[in-house]
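First up is the structure itself, then whatever we jot down about it.
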Amino acid sequence: MILFSLLFGCAYDEELNDYDFFGTVKIPAAATKFKFGLGDDEVEIDDIRGLGPLYIGVFPAVEDDLYPFPHPEMGPILAEGQDGNTYPYGGNSIGRFDWGCYEQLICKMVTGRFESFSDIIDFHANVLGEPIRTPDGQPVQSEAEYRERCFEITYTTSDSEMLFIGERDFTLEGDYLVAEDIILPQVTFREGMQVWAWVDMPSPSFEFNTCTAGVGESQNYYNEFYQVGTNSIDVLNYPGKYIDSGDWITQEAATINTISDEFELEIGYHYVEE
């Protein structure tokens, strides 16, 4: 009888104030445009595959006078040259950095942007004009070649294990790119808390502020020795440190007043430095 009660007595309510919140995020279709190249070589590219990670956080409040763009309120400044912590209640992202099986793609591959290996090859060769190259310098030209490389170097056997390809996170609906059924897991609830987000857009050299190369999982394969990079860990605690000209930011935060509220968030402000 004691064993029976132990097995079936696990429904204890810990009375935690953490809940999952769900919602929809949309950004203007124009957010797919970004500058690429420098000087006379600069061009404007319009391609959803260049869209960086979209970071969503839940904060006590969002203010307009901390930066030239809306930004979560901050705690005290504890170190010279560093802003105060925003102390988020929770958050998530739409897309994250992943390694694309080639050293060239470190910090350049975002999940939820590419549907296939061919999609990646096309974007880099025909849009950026920088073909993916093998370790011996030859351009990667076929999906079969790319797939074989990934399976061999990551010890996997199916496309489903390649998290950087698959269904895209956003669908085009009129003038907006929309991501539905977004979950913010285990957020500490406070009445009146605000949902705010921003998109890390690529620089003219197609680099992202929120990815750190030289860290993360180590790659050691024949004569290849490097680390594959990873997301910065404090993008919601210190977003102002990472937001740069060209990024898209929430114009008006969404407010959550009850644990059953669903949020609808528009990333509508395009920050461009003067």
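The values are calculated or read from the model by the stated rules, or taken from the named source; none is laboratory data. Small disclaimer: the values here were computed from a predicted structure and weren't measured. Note: ideal-geometry Cβ built from the backbone for every residue, glycine included; neighbour counts use all protein chains shown. What goes into the accessible areas is simple: the full protein's heavy atoms, side chains included, and nothing from ligands, DNA or RNA. Shrake-Rupley method; radii C 1.70, N 1.55, O 1.52, S 1.80 Å.
Decide, for region 1-140, between rounded, prolate and oblate: order the square roots of the alpha carbon gyration tensor eigenvalues as a ≥ b ≥ c, take rounded if a/c falls under 1.5, and otherwise choose prolate if a/b is larger than b/c, else oblate.
Since a/c reaches 1.5 but b/c is at least a/b, the shape of region 1-140 is classed as oblate.
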Q) In nm, to one decimal, how far is the Glu152 label point from the Glu103 one, both placed 7 Å along Cα→Cβ? A) 1.6
Q: Could you calculate the contour length gain from Asn220 to Asp136, that is, 0.36 nm times the residue separation minus the distance between their Cα atoms, to one decimal place in nm?
A: 28.6 nm
(Q) Which one, Glu80, Glu63, Glu207, has the greatest fluctuation when you compute a Gaussian network model over the chain with C-alpha springs under 10 angstrom? (A) Glu80
Q) Distance from the Cα centre of region 70-101 to that of region 133-182, in angstrom? A) 27
Q) Between Asp169, Asp261, Asp200, which gets the highest mean-square fluctuation from a Gaussian network model of the chain, Cα cutoff 10 Å? A) Asp261
Q. How much length is gained if the chain between Glu264 and Asn17 is pulled fully straight, taking 0.36 nm per residue apart and subtracting their Cα-Cα distance, in nm to one decimal?
A. 86.7 nm
Q) Considering the dipole of the chain built from charges on the beta carbon (Lys and Arg +1, Asp and Glu -1) around the Cα centre, which of Val127, Pro185, Trp99 is farthest to its positive end? A) Trp99
(Q) Projecting each Cα onto the charge dipole of the chain (Lys/Arg +1, Asp/Glu -1 at the beta carbon, about the Cα centre), which of Thr212, Gly174, Ile256 comes out farthest on the positive side? (A) Thr212
**Q.** With Cα atoms, 0 to 90° folded angle of helix 143-154 axis to the chain main axis
**A.** 60
Q | Gaussian network model of the chain, springs between alpha carbon atoms under 10 Å - residue of Thr86, Thr156, Thr230 with greatest fluctuation | A | Thr156
Q) Which value, in Å², gives the accessible area per residue of the chain when a 1.4 Å probe is used on the protein heavy atoms? A) 54
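Given charges of +1 on the Cβ of Lys and Arg and -1 on the Cβ of Asp and Glu, with all other atoms neutral, how large is the dipole of the chain about its Cα centre, in debye to the nearest 20?
520
Find how much the distance from Glu44 to Val127 grows on full extension, using 0.36 nm per residue of separation minus their present alpha carbon separation; answer in nm with one decimal.
28.8 nm
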Q | Prolate/oblate/rounded label for region 160-274 (Cα gyration tensor, a/c 1.5) | A | prolate
Q: Could you pull the Cα extents of region 95-227 along its three principal axes, largest to smallest, in whole Å?
A: 56, 35, 33
Q.
If I compute Rg and Dmax of the Cα atoms in Å from the structure I just sent, which labelled value in (1) 21.0, 80; (2) 18.0, 57; (3) 18.7, 60 lines up?
A. (1)
